[in-house]
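To start, the structure under review is shown below, and the notes come after it.
The values are calculated or read from the model by the stated rules, or taken from the named source; none is laboratory data. This structure is a prediction, so every number in the text was calculated from the model and none was measured. Using ideal geometry, Cβ is built from the backbone for each residue, glycine included, and neighbour counts are taken over all protein chains shown. Only protein heavy atoms, including side chains, enter the accessible area calculation; ligands, DNA and RNA are left aside. Shrake-Rupley method; radii C 1.70, N 1.55, O 1.52, S 1.80 Å.
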Amino acid sequence: MKIAVVTGASSGLGWEFIRQIAKKDSEVEEIWAIARRKERLLKLREECPLTVRPFVMDLTQEESIRELEEILEKEKPDISILVNAAGFGKVGDYRQVNRQECDAMIAINCRAAVDVTMVCLPYMKEKSRILEVCSTAAFQPFPRLNVYAATKAFLYRYSRALAVELRRQKITVTAVCPYWIKDTEFISIAKKTDNEREIRHFPLASRCKNVVAWALHDSRLGLPVSTPGPVCMIHRIAAKIFPSEIMMGIWAFLRRM
């Protein structure tokens, strides 16, 4: 059976990836949806036109990774698409984002994404596709988003290198690097710090459905990086041209606007 595996499935990009994969990727027969919130997964299963198999897991916990690994070993599915969309960020400087929140970001944004990729790869064949949801934050250092940006830089570099390693197997890896997205939970969660005014506005934020459609299109083309929107593209180019100090200065100006 050809399946898609999607993490962070209970909301935001993960939810939208499932919706669009079900409609547009005809080779997928079943979607394995992984998230912590059971009620959201059950609602998703009711709404999706394709069979959705819910897995209530906390991917920061080793037992969840082992459980997924054991299920894969038992059923040996053909994984056509893997989307690692689980993740979160926190806004604030080193005083406002505590150690536990930093550890949690590293655990889900970095380690969990790598762990899920590693356990899924043995069940992926030629023409399978991996989408690792990174961020434009991967392109430069971001004061007041320091740990989040660093985790996304890690995932971006991991994705780029893995894409080369899997080229001979004809498995594609796409690092998806969106800008702010207005209709996910990311912004509301990110702002829950001692100082919600660190970033005053989120101008030109995109919409979830547009980001996912663009990312899936780029994945089908086999692109190693998807910058789903003009702001993302400009940011990626600018980060290659200008030194980090200039980019951080621009960021400092924009976040106070």
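Numbers at a glance
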read-out	value
Amide H partners (placed H, <5 Å) of residue 90, local residues excluded	148
5 angstrom amide H check on residue 171, placed H, neighbours 5+ away	127
Within-12-Å neighbourhood charge of residue 7 [Cβ basis; K, R +1; D, E -1]	-2
Estimated Rh, the chain: Kirkwood, alpha-carbon pairs, angstrom	18.5 Å
Full-stretch length increase - residue 53, residue 252 - with 0.36 nm per residue and alpha-carbon distance subtracted	67.3 nm
Computed accessible area, residue 51, all protein chains, 1.4 angstrom probe, square angstrom	80 Å²
Listed pairs 76/125; 127/209; 24/76 exceeding 20 Å between Cα atoms	127/209; 24/76
Aspartates and glutamates with Cα under 14 Å of residue 182, excluding same-chain neighbours fewer than 8 positions away	16
Accessible area (Å², 1.4 Å probe, nearest 10) - residue 247	20 Å²
With eigenvalues of the C-alpha gyration tensor scaled by 5 and rooted, the range 25-102, Å	29, 16, 12
